[in-house]
Amino acid sequence: MNEQTHILHSIPVDPLTGAISTPIYQTSTFVQEAPGVHKGFDYARSNNPTRQVLEQLMAKLENGARGFAFSSGLAAIDAVVKLLKSGDEILAVDDIYGGAFRLFTHIYEKFGITVRYTDTTQIEHVIDAVTEKTKLIWIESPTNPTLKISDIRAIAQVAKANHCLLCVDNTFASPVSQKPLDLGADLVVHSATKYLSGHSDLIAGIVVTKTQELGDQIKFIQNASGAILSPFDSWLVVRGIETLSLRVKQHTENAQRIAEYLQTESLVKNVYYPGLSAHPNYRIAQQQQKYAGGVIAFDLQIDDKALATQIVSITKYFKLAESLGGVKSLICLPCEMTHKSIPQEKRYASGVTDSLIRLSVGIEDADDLIDDLKNVFAQVQINQSVNA
Ligand SMILES: *Cc1c(COP(=O)(O)O)cnc(C)c1O
């Protein structure tokens, strides 16, 4: 079945009323017929009908056994780490999302969970870095912001051979582009704040498990720790997902054209986009992802923060903001914004230079977006020659 049709018809009609839009069950508790006798809902931290629609939808879209909705992407990541115990080790992608790095390092290391980081795009590095204590391999693919791609199938085999779990942060790809559980991963997490909701209007997170058994463990953690998603935000994410396939297709078409244009721009040095054949992981991206996605990063011929700052400040349609995955285009300067907390040496090593600019390409018309960037480059070029 076509993905868009599949999504729309995976959202059930309300069984009670026939409402075609999922009702928002704004309630904390549910009246019971007799003590312990109820319709499957007793207290809304444990279960809520609106949240359940989202959770079951995400399990379906990721081809998993069970799905869970959390109050943020980081709360979803936190729930997965809670599967571990003191003494266990996490092996993580070196280019990891800053918030995940902060959580692993500054919260979980003090509880005796250690984390090693390695370049997971090279399978030999993963094999070398796994130890007997490794209980969880953590990857993002593509990564943020330089869009490195790791071979999920190959890493899943390493995880199996070493009896540890593989969790893939699938935020950048979304399930319409990439299904990590089909490639052998045990868990998938999302920041639903990004493509799933798609409109830059909420914060949410998702965990999907491959097995019922892992699902039972995450369910226990979700209820015990309590970082659940509200009924209204659950409803908004479901509504966002209704157009996910259409949006990701349009984000990708636009981003592909913008990436190709940026390659021809004289002020630009490197363009990072998995849809370009020059991307170092292009081949694996083609195999594993249906769409290259809507995020592009590029740096400048002169690694000058002032120049990069000027560029990100004067675009018309690309609004200067953190985050990504919304219908409106955003631009950001990672060294001063999303990646400011990462030590300069580590930041440089992963390609996040002072002039690296990240675009979250929206669904505006591609020509309008390209004109916006062309105007900005023309303007800074004039300023540069005046200054020189
Ligand atoms: C944004 C993001 C997160 C964190 O999600 P929040 O919803 O902001 O808590 C995790 N992973 C990736 C790849 C992200 O982009």
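The values are calculated or read from the model by the stated rules, or taken from the named source; none is laboratory data. Given the structure is predicted, the values throughout are model-derived calculations rather than measurements. Quick reminder, even Gly has a Cβ in these numbers, built from the backbone with ideal geometry, and neighbours come from all protein chains shown. Accessible surface is based on the protein model in full, side chains and every heavy atom, while ligands, DNA and RNA are left aside. Shrake-Rupley method; radii C 1.70, N 1.55, O 1.52, S 1.80 Å.
At 1.4 Å probe size, with the rest of the protein present, what percent of the exposed accessible area of the stretch 1-144 is carbon and sulfur atoms? So the carbon and sulfur contribution to the accessible surface is 55 percent.
Name the trypsin sites (Lys or Arg not before Pro) in the stretch 109-202 that are in a loop by DSSP and that have at most 14 other C-beta atoms within 10 Å, would you? Walk me through the intermediate numbers first.
Values: sites: LYS110, ARG116, LYS133, LYS135, LYS148, ARG153, LYS160, LYS194; in loops: LYS133, LYS148, LYS194.
Of the trypsin sites (Lys or Arg not before Pro), the ones in loops of the stretch 109-202 whose Cβ has at most 14 other Cβ atoms within 10 Å are LYS133.
For the stretch 304-388, GluC sites (Glu not before Pro) are listed when DSSP marks them as loop and at most 13 other Cβ atoms sit within 10 Å of their Cβ; the list is GLU322, GLU336. Residues whose amide H falls under 5 Å from that of VAL271, counting only those 5 or more places apart or on a different chain, are absent, with hydrogens built in the peptide plane.
How many percent of Cα pairs in the stretch 323-388 exceed 17 Å? Intermediate values should be presented prior to the final figure.
On the way: 1216 of 2145 pairs.
In whole percent, the share of Cα-Cα pairs in the stretch 323-388 beyond 17 Å is 57.
Along its first, second and third principal axes, ordered by size, the stretch 113-251 spans 44, 38, 24 Å in Cα coordinates. Computed over neighbours whose Cβ is under 13 Å from that of GLU140, the net charge equals -2, Lys and Arg +1, Asp and Glu -1. Based on the Stokes-Einstein relation at 20 °C and a viscosity of 1.002 mPa s, and on the Kirkwood radius from alpha carbon pairs, the chain is assigned a translational diffusion coefficient of 99 µm²/s. With θ taken as phi - 60° and the Karplus curve 6.51 cos²θ - 1.76 cosθ + 1.60 applied, the whole-hertz 3J(HN,Hα) list for the stretch 191-198 is 8, 6, 4, 9, 5, 4, 7, x Hz, x standing for glycine and proline.
Charge dipole (Cα centre; +1 on Lys/Arg Cβ, -1 on Asp/Glu Cβ; no other charges) of the chain amounts to roughly 520 debye. On a straight-distance basis, which aspartates and glutamates could pair with LYS340 in a cross-link, Cα separation under 17 angstrom, same-chain partners fewer than 8 positions away excluded? Those aspartates and glutamates meeting the cut-off are ASP94, ASP95, ASP299, ASP303, ASP304, GLU322, ASP354. Within the shell defined by Cβ-Cβ distances under 14 Å, the residues around LYS316 carry a net charge of -3, with Lys and Arg each +1 and Asp and Glu each -1.
Ignoring lysines fewer than eight residues from LYS39 along the same chain, the ones with Cα atoms less than 19 angstrom from its Cα are LYS219.
Counting only DSSP H runs of at least 4 residues, each contributing -39500 (n - 2.57), and dividing by the residue count of the chain, the helix-based mean residue ellipticity at 222 nm comes to -11000 deg cm²/dmol. Phi angles of the stretch 338-347 translate, via the Karplus equation with coefficients 6.51, -1.76, 1.60 and θ = phi - 60°, into HN-Hα couplings of 4, 10, 5, 7, 8, x, 3, 4, 5, 4 Hz per residue; Gly and Pro are given as x.
Considering only protein heavy atoms and a 1.4 Å probe, what is the carbon-and-sulfur percentage of the accessible area of the stretch 175-257?
55
Between PRO231, PRO35, PRO12, the residue with the greatest mean-square fluctuation in the GNM of the chain (Cα pairs under 10 Å linked by springs) is PRO35.
Surface exposure of the stretch 110-163, expressed per residue as accessible area with a 1.4 Å probe, stands at 46 Å². What a 1.4 Å probe finds exposed on the stretch 284-382 is 51% carbon and sulfur by accessible area, rounded to a whole percent.
Looking at the chain, the DSSP beta bridges with both ends there are about 55 percent antiparallel. Close amide H pairs (under 5 Å, H built 1.01 Å from N) link ILE228 with SER71, residues at least 5 positions away or on another chain. Surface exposure of the stretch 229-288, expressed per residue as accessible area with a 1.4 Å probe, stands at 46 Å².
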